[in-house]
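Encoded as structure tokens, the structure appears first; notes follow it.
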Amino acid sequence: MSMQQVSARKMGRWALAAGLLALAAAGSAHALEWNLQPAATKIAEDIHSLHEYVMALIVVIFFGVFGVMFYSIFAHRKSNGHKAANFHENTTVEIVWTVIPLLILIGIAWPVTKTVIAQKDTSNSDMTIKVTGYQWKWGYDYIKGEGEGISFVSQLATPRDQIEGRAAKGEHYLLEVDNEVVVPVGKKVRILTTAADVIHSWGLNAFGVKQDAIPGFVRDTHFTATKIGTYRGQCVELCGKEHGFMPIVVRVVSAEDYTKWVDGEKKKMAALADDPTKTYTLDELKARGEKTYTANCVACHQATGKGMPPAFPPLDGSKIALGPKDAHILQVLNGKAGTAMAAFGKQLNDTEIAAVVTYERNSWGNKTGEAIQPAEVKALRK
Amino acid sequence: MSAVLDDHGHDHGHDDHHHGYSGIMRWITTTNHKDIGTLYLWFSFTMFMVGGVMALVIRAELFTPGLQIVNPDFFNQMTTMHGLIMVFGAIMPAFVGFANWLIPMQIGAPDMAFARMNNWSFWLLPFAGALLIISFFMPGGAPGVGWTMYAPLTVQMGIGMDFTIFAIHILGMSSIMGSINIVTTVLNMRAPGMTLMKMPLFCWTWLITAYLLIASMPVLAGAVTMTLTDRHFGTSFFNAAGGGDPVLYQHIFWFFGHPEVYIIILPAFGVISQIIPAFSRKPLFGYASMVYATASIAILSFIVWAHHMYTVGMPVTGQLFFMYATTLIAVPTAAKMFNWLATMWRGSLTFETPMLFALGFLFLFAIGGFSGLVLALAAVDIQLQDTYYVVAHFHYVMVAGALFTAFAGIYFWLPKWTGRMYNETLGKVHFWLSMIFFNMIFFVQHFLGLAGMPRRIPDYPLQFETWNKISSIGAFGFGLSQLLFLYIVVKAITSGEKAADKQWEGADSLEWTHLPSPAPYHSFETPPVVK
């Protein structure tokens, strides 16, 4: 029996014995599993204290009201020979217990209103990052402020082997990505959210931020991180099969480190930029295509190319992968309406699309021998 | 009290004499409110078991991190169908079953107003339930979109989605017909002297609920129809590329969805308002204010829908309006709690199984109400939206609120319906098992939600493991405990002790004071006179 199982049992017994106390503790304890994550912005701190304030009121009211009930349960039982009284209304009492909750609610609403207004105030930001939800990864574009022009896609870095139980799970299981968002500490960052396919939701508990990413619309939120560190969260709006596997990781760094990071990213982007006019050999394209396939296609179509029919069709032996190449390229560029097949035209460049199409047409049982060149993809883009 | 138990002898000869068919055809063709009530309750229990098994699949997968039992696609189908089946197949039909059995007896009417329509509203249900289940066997399986069926994810689903949409249309028709029947019965068929303000509170809560259903079910039908035409007929109601808006779906859905919450809980309030006075041996405190509170909750339920949508990016005024309107619901709800406590106060209390479930309801529904208050606060909800805190909250309301009340009601009226008593000891065991395991499942989910665990995920980060394990163990305990309930009910029906006509000392509505146990097949053919 593992340590975790033992502790689960202990906790289980404990939880049974002290359910009510736990409710009280939820408002004040700070261990990660009990409460909101440690705050890293002013707004998250405000939410903490609001939650504690409301929980304190709730616990007092709860014990007050159920104290009365339990007194009645013990004192007014028939088995004690208690005879029933016959009263059944009292206007004064009824007015009092309508007005008091109303006053308590006003006492709660006032401080909450101030925080709601602060949460919605996205003006005067120092920089702006556009976040795009895709099935199932996040795209980030730094569109204003230092780092303008940086753009990358961020997706789950936890290996499939850990998820499927063939390898031990790492410390940040399901909360690690290949490309982390980096922001400077103390700067007001405005986040614009949108999505390419279905609704996703971008948020971080430690920042007190959550904003749905809605296809076709741009919504905004903001945060000003007060502490250097790495903060982790997950997509919180059901977005299909891999909804549980699109984490959000934001690394908050000092202003100097941020400048260094920006320089590094810019150089990396320049080095990575592909020349869409270049001609590649079949092997080069297949090698590049395998990487692109693993990053983008494998969740549905599977490494074996067998897919998960009928929702996620096989590519091995498929009509599209063995048919006219233009139709195949167009399907990857534009997706297929009414299915989970996404449009990759905006996520992948011409070289990547050429490579992945080549890979799909020359892997498993598919042997077309065709090497698709980036120029052919470019020609098919609208 | 007039033509009371003296009808008794002559009624008994008549009692088991059903005009028309026998065997299975009796049930298919029946227009008797008691038969139809029974059908509703057994259908509800069957769906409760089906939805429960789905919940266990979910909890089994979540017992430990990693993907073990099901793939993520099937997991999503489970969460979706668990929700739809429990809401539309289990909880709602259960309370319609109560309404059918009780409303005519409590207002002194011979049957429901539209007896044939009543038959049809029930017999639509098995077809709707079958459509939901058949969707699993369609290409692509059942929809994996969550019970809320948010656009545009629904457009990506296979033909199972269309089955679900048609199932919802049929369920909606059934509910609307049932509601028209209830409104007409309550307004037109009360016995002489049974004024509206003398009706048992259960009838009042159902009258108000029926109006909520008539107003809100067509809205849901509209939302799913728009989804259907977006899927197949090229419309763009929820597709931005065609000039639509995915968030429009959410507004329409929740304009139905919030009243739906009260559709489920108001009849439960009614049942509790019958049971607590009976076991306190004291009249319900503040009857009139209970009626007004129920009506206020119903009206408020139409102006709070967007509190389900605090993270879609509403303007600040929207956030504030829906926050204030939502918190306002706490006022009439608190008044109800206080009225129930005042009913118990200085009563002469006993604690048979129905009372235990009613007290369990008060206790747990209060927790669900308080977590609802926390969620209503837009600023705090940003942290909790779409996390396990929400899952915990609505299960406190749906399971401890509605399901516990349904148990309470069944234990309370079983003697009247069948003429036989359940085993009191086993009933109490069922209560305590349900109470303990329920809290084990859902109390810890508050912590998961606060710590940020999203709902509807098949796998989770390691720090959430402990609470998930406890929750899963609780789920299996809770599921098994319900087999005990089935045993208790079947045992009572087949070989329970004979029940008295007025089994509960403090019960005072017409079915207890004017009718024998079991209630005859046709009751109140001549109306009683109520003073």
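The values are calculated or read from the model by the stated rules, or taken from the named source; none is laboratory data. Just so it is clear, the model here is predicted, and its values are computed rather than measured. Cβ atoms come from the backbone with ideal geometry, glycine included; neighbour counts cover every protein chain shown. The protein model used for the area step is the full one, side chains on, heavy atoms only, and it has no ligands, DNA or RNA in it. Shrake-Rupley method; radii C 1.70, N 1.55, O 1.52, S 1.80 Å.
With contacts defined as alpha carbon pairs under 8 Å and 6 or more residues apart, what's the relative contact order of chain A in percent?
12 percent
Setting aside same-chain residues fewer than 8 positions from A:K278, which lysines have a Cα under 27 Å from its Cα?
A:K266, A:K267, A:K268, A:K286, A:K291, A:K325, A:K346, A:K367, A:K378, A:K382
Which order do the peptides B:327-337, B:72-82 come out in when sorted by mean C-beta neighbours inside 10 angstrom, highest first?
Top of the packing list down: B:72-82, B:327-337.
How much accessible surface area, in Å² rounded to 10, belongs to the heavy atoms of A:S363 with a 1.4 Å probe?
Roll a 1.4 Å probe over it and A:S363 shows about 10 Å².
Distance between Cα centroids, segment B:346-376 to segment B:423-495: provide it in whole Å.
17 Å
Cα convex hull of chain A: mean projected area in nm², to one decimal?
27.8 nm²
Residues with beta-carbon under 14 Å from that of A:A271, excluding A:A271: net charge, scoring Lys, Arg +1 and Asp, Glu -1?
That sum, taken over residues with Cβ under 14 Å, equals -1.
Specify the inter-centroid distance of segment A:167-218 and segment A:31-78, based on alpha-carbon positions, in whole Å.
30 Å
To the nearest whole number, what is the average tally of beta carbon atoms from other chains within 10 Å of the beta carbons of peptide B:381-394?
Partner-chain Cβ atoms within 10 Å, mean over residues of B:381-394: 4.
With a cap of 15 neighbouring Cβ atoms within 10 Å, and only residues DSSP puts in a loop, list the chymotrypsin sites (Phe, Trp or Tyr not before Pro) found in segment B:166-243.
B:F233
Only Lys, Arg, Asp and Glu count, each charged at its Cβ (+1, +1, -1, -1), so figure out the dipole size of chain A about its Cα centre, rounded to 20 debye.
740 debye
So, with +1 on the Cβ of K and R and -1 on the Cβ of D and E, and no other charges, what is the size of the charge dipole of chain B about its Cα centre, to the nearest 20 debye?
Computed charge dipole of chain B: roughly 560 debye.
Which one, A:I104, A:N90, A:Q37, projects farthest toward the positive side of the charge dipole computed for segment A:36-120 from Cβ point charges (K/R +1, D/E -1)?
Checking the options against the dipole of segment A:36-120, the answer is A:N90.
Among the lysines, select those whose C-alpha is under 17 Å from the C-alpha of A:K187, and discard any that sit fewer than 8 residues away in the same chain.
A:K42, A:K120, A:K130, A:K144, A:K227, A:K260
With angles folded into 0 to 90 degrees, how steeply does helix A:42-75 sit against the dominant principal axis of chain A? Use alpha carbons for both and round to 10.
Its long axis makes an angle of about 40 degrees.
Using only the heavy atoms of the protein chains and a 1.4 Å probe, how would B:E505, A:E33, A:E164 rank by accessible area, largest first?
So the residues, ranked largest to smallest area, are B:E505, A:E164, A:E33.
I'd like the carbon and sulfur percentage of the solvent accessible area for the protein assembly as shown, probe radius 1.4 Å, heavy atoms only, ligands and nucleic acids excluded.
65 percent
How big is the C-alpha Rg of segment A:127-272 next to the rule-of-thumb value 2.2 N^0.38 Å, as a ratio?
Relative to the 2.2 N^0.38 Å estimate, segment A:127-272 comes out at 1.02.
Partner chain Cβ atoms within 10 Å, averaged over the residues of A:96-102 - can you pull that number for me?
5
Per residue Cα convex hull volume for segment A:36-120, in cubic angstrom?
In segment A:36-120, the Cα hull volume divided by residue count equals 115 Å³.
What is the dipole size for segment A:282-380, taken about its Cα centre, with +1 at each Lys and Arg Cβ and -1 at each Asp and Glu Cβ, in debye to the nearest 20?
Roughly 220 debye for segment A:282-380.
Give a quick list of trypsin sites (Lys or Arg not before Pro) in segment A:114-221 that DSSP marks as loop, anything other than H, G, I, E or B, with at most 11 other Cβ atoms within 10 Å.
Sparse-neighbourhood loop trypsin sites (Lys or Arg not before Pro): A:R166.
Would you be so kind as to identify all helices of chain B, as entire DSSP H runs, whose Cα atoms reach 15 Å or more along the helix's own axis and whose mean Kyte-Doolittle hydropathy is at least 1.6?
B:353-376
Return the Rg/Rh value of segment B:133-261, two decimal places, where both radii are evaluated on C-alpha atoms and Rh is the Kirkwood radius.
Ratio of gyration radius to Kirkwood radius: 1.12.
In percent, how large is the relative contact order of chain B, given Cα pairs closer than 8 Å and 6 or more residues apart?
20 percent
With a Cα-only, solvent-free Debye model of the protein assembly as shown, what are the log10 I(q)/I(0) values at q = 0.09 Å⁻¹?
-0.95
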